[in-house]
Amino acid sequence: MNPSALRFVAGNGLLDRRDFLKSGYSLTLATAVGLSAAGRILAETEPAMPAWMTSLGTADTGYGNPSPHEGQVRRQPRPSTPQTAGFSIWHSPLQHQRGIITPSGLHFAVHHNGIPTIEPERHRLLIHGLVERPLQFDLQRLMRYPMISRIQFLECAGNTAANALSPTALDGDCQTLFGQVSGSEWTGVPLSHLLREAGVKPGARWVICEGADGGSHSRSLPLAKLMDDAIIAFYQNGERLRPSQGYPLRLFVPGWEGNVSVKWLHRMEVSDSPAFSKDESGLYTRILSDGDILAFGFPMEVKSVITHPSGQQLLPELKGFYEISGLAWSGQGRIAKVEVSADNGRSWAPAQLHRPVLDKSLTRFSIPWQWTGTATTLLSRASDEHGNIQPTRSQWRSRYAAHSFNHYNAIQAWRVRSDGAVENTYV
């Protein structure tokens with residue numbers, strides 16, 4: 001197959017995926033994964049039998065573990081900043097993942113007051129305040145209610161804060177810069193069932209939700225949202241929640257900043273007004289460029305990132321075919337489109353959205369790319385079903401004060417150098 005016969009859909013080598021798959025697929029695939037001609041010849045010869053094919057393997061374990069050869073795929077702890085002193089923050093390794101589900105052990109985590117060790121048989125959930133019937137549930141009673149499952153993302157409001165705050169692009173990989181977002185299948189009881197059973201009184205507008213951690217972390221949430229699609233989650237990816245994700249139960253509020261999905265939930269007070277708790281009055285407010293304060297800005301905005309090639313990766317061949325792939329998400333709904341540029345934003349092409357494309361969920365996108373070996377910049381720009389589009393960094397910065405960093409969703413740029421090294425950059 002002649003690579004020059006492929007149809008380009010944007011500048012600097014972005015290719016039409018259907019043409020790419022139809023035309024000489026086996027040869028282009030070999031080129032795409034970086035095999036040389038010698039590598040292809042060797043693959044046709046009879047290989048020597050490896051040691052693991054000459055003896056019995058090892059025994060399995062009661063709870064499966066990853067291969068020891070994948071030991072580098074781990075969560076990454078982040079150092080505290082003045083705004084997060086005392087927090088424990090762990091980033092998910094997005095650049096090592098495919099699909100849209102983050103394994104439970106790699107899901108990002110932010111702990112304000114450490115992880116409490118809760119005895120599940122003693123844990124209780126109280127619903128009180130402006131209700132006809134204050135109710136208290138133990139786990140046995142709660143888990144008798146009908147449950148639902150949804151595949152949805154969770155993102156910290158401070159995800160990508162380094163790009164928001166630093167005047168120069170920091171040298172970081174995708175995990176360092178974007179690792180406070182993950183996707184899971186969450187299973188639990190719709191909160192609306194419990195609130196209706198308690199009998200919400202007229203005039204109720206808010207619910208103050210409190211965790212059973214050492215600092216009694218709490219957030220005030222609009223009653224309407226909790227009645228719409230919030231759940232009391234017991235399971236993540238088919239197994240019981242892990243302690244760092246709120247065992248034995250947590251609140252899960254789809255599409256909204258992660259801090260409101262209160263872990264280790266034990267109390268919900270129905271009210272006519274918010275509580276203005278510590279975090280919602282300080283760390284999770286946003287300051288606009290004119291000095292106004294944007295409080296209770298809950299939904300996470302439309303966002304995307306190319307996960308490969310991405311920061312601190314190295315392209316193995318200095319030119320040839322590669323797949324550009326990444327993740328897109330929106331707290332407002334489904335992703336409608338992702339566009340990719342391989343020429344610093346001068347031209348754009350639509351990427352393929354991999355199914356399933358779900359509501360408030362991570363969406364995988366990809367597009368084939370024929371790299372010529374010259375330095376360039378890769379960008380991705382997502383749009384959701386409501387017409388929301390990712391802004392440029394300058395557009396985002398013009399809206400917020402210099403020290404604001406929450407809900408940063410500007411277009412991410414990766415600089416590909418002529419030696420194949422990839423680095424974070426601003427455009």
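The values are calculated or read from the model by the stated rules, or taken from the named source; none is laboratory data. All values derive from a computational prediction rather than experimental measurement. As a convention, Cβ positions derive from the backbone with ideal geometry for all residues, glycine included, and neighbour counts pool all protein chains shown. To get the accessible areas, we keep the full protein, side chains included, count just its heavy atoms, and leave off ligands, DNA and RNA. Shrake-Rupley method; radii C 1.70, N 1.55, O 1.52, S 1.80 Å.
Okay, here's what the table says:
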item: Relative contact order, percent, region 51-128 [alpha-carbon distance under 8 Å, six or more residues apart]; result: 24
item: Accessible surface ranking that places the most exposed of Trp256, Trp186 first, with a 1.4 angstrom probe; result: Trp256, Trp186
item: Highest-MSF residue in the chain out of Ile89, Ile118, Ile411 [GNM, Cα springs under 10 Å]; result: Ile118
item: Accessible area (Å², per residue) of region 255-305, counting only protein heavy atoms and a probe of 1.4 Å; result: 36
item: Sites matching GluC sites (Glu not before Pro) across region 128-201 that sit in DSSP coil, with at most 16 neighbouring C-beta atoms within 10 Å; result: Glu132
item: Structure-based [θ]222 nm, the chain - -39500 (n - 2.57) summed over DSSP H runs of at least 4, per residue, nearest 500; result: -3000 deg cm²/dmol
item: Student exercise, region 165-296 dipole from Lys, Arg, Asp, Glu Cβ charges, in Debye to nearest 20; result: 440
item: Signed unit charges on C-beta, dipole axis of the chain, positive-most listed residue Gly297, Thr377, Ala401; result: Gly297
item: 1.4 Å probe accessible area per residue over region 107-147, in Å²; result: 60
item: Charged-residue dipole, Cβ positions (Lys, Arg, Asp, Glu), the chain about Cα centre, Debye nearest 20; result: 400
item: For Tyr322, solvent-accessible area (1.4 Å; no DNA, RNA or ligand), Å²; result: 30
item: Per residue accessible area of region 156-217, 1.4 Å probe, in Å²; result: 31
item: Phe8 paired with Gln140, simple spin-label distance in nm, labels 7 Å along Cα-to-beta-carbon; result: 7.0
item: Apportionment of accessible area to carbon and sulfur, the chain, percent (1.4 Å); result: 54
item: Relative contact order for region 219-314, counting Cα pairs under 8 Å that sit 6 or more residues apart, in percent; result: 24
item: Of His308, His354, His107, the one that fluctuates the most in a GNM where the chain has Cα springs shorter than 10 Å; result: His354
item: Farthest positive-ward along the chain dipole, Cα basis, beta-carbon charges - from Leu318, Ser166, Gln72; result: Ser166
item: Net length gained if the chain between Arg196 and Ala402 were fully extended (0.36 nm per residue, minus Cα distance); result: 69.8 nm
item: Computed magnitude of the charge dipole of region 84-233 (debye, nearest 20; Cβ of K, R +1, Cβ of D, E -1); result: 500
item: Exceeding the 22 Å Cα-Cα cut-off - candidates Lys303/Lys337; Lys263/Lys337; Lys225/Lys337; Lys225/Lys360; Lys263/Lys303; result: Lys263/Lys337; Lys225/Lys337; Lys263/Lys303
